[in-house]
1. For the subset of segment 43-87 comprising residues that are among the acidic types (Asp, Glu) and under 19 Å from residue 26 (Cβ atoms), which member is farthest from the chain's Cα centre (by Cα)?
2. Among 25, 87, which is touching a helix residue (DSSP H, G or I) at 6+ places or on another chain (Cβ under 8 Å) and hydrophobic (A, V, I, L, M, F, W, C)?
3. Check segment 120-143 and report whether any residue there is among the charged types (D, E, K, R) and within 30 Å of residue 81 (Cα to Cα).
4. List the helices (runs of 4 or more DSSP H) inside segment 2-97, counting only whole elements, that have at least 3 residues being at pLDDT 90 or above and surrounded by 10 or more Cβ atoms within 10 Å (Cβ to Cβ).
5. Given 118, 101, which one is loosely packed, with under 10 Cβ neighbours inside 10 Å, part of a helix (DSSP H, G or I), among the aromatic types (Phe, Trp, Tyr) and outside the structural domain of residue 65 (by TED's automatic domain parsing)?
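The values are calculated or read from the model by the stated rules, or taken from the named source; none is laboratory data. These numbers come from a predicted model, not from an experiment. As a convention, Cβ positions derive from the backbone with ideal geometry for all residues, glycine included, and neighbour counts pool all protein chains shown.
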Amino acid sequence: MESSSVSAGRVASAVLDPRRWWALALVLLVYAVVEAPGADWGDVRTILPLAGSAVLVAAFALIESRHPAPLVPLRIFRSRTLARADALTILIGTVAVGMPFVLTLYAHQVLGYSALKFGISSVVLALGATAGAIAGQAAAGKAGFRRPPRPAWPS
């Protein structure tokens, strides 16, 4: 039989597991975004899950800042270059994931394209993105890393 201190330690460990806080924060965020169109963005059914999600993200950051082996070492965000690159990656990823959905709706509802016609016409976008990624990688490899010049204006 387990002692009560061992089982209490397991419960505390499970409660302080940052993965649970992060997962619950994302669940609340998705719930709020999905329910908002039907409830309205100013409705309590939208605001409470958004606020709960923000509180859980803050709890995640607090637990991670004090954890001996964090999932996300928060010190990496001290680098302004890395923080900006992360923000830009999130922005580009959001656009890249959302654009096909909007384009599909536009092609079907506004332009009247069939699924086959839109599928064939969207191949051009995919091929262009692939060619651009390959060319960009080759150009970056050829140019190498260079520090940008300092701006003339104060930052």
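1. Looking at residues that are among the acidic types (Asp, Glu) and under 19 Å from residue 26 (Cβ atoms), I get 64.
2. Being touching a helix residue (DSSP H, G or I) at 6+ places or on another chain (Cβ under 8 Å) and hydrophobic (A, V, I, L, M, F, W, C) holds for just one of 25, 87, which is 25.
3. Yes, there is a match, as at least one residue in segment 120-143 is among the charged types (D, E, K, R) and within 30 Å of residue 81 (Cα to Cα).
4. Those helices (runs of 4 or more DSSP H) span 18-39, 44-66.
5. Only one candidate qualifies: 101.
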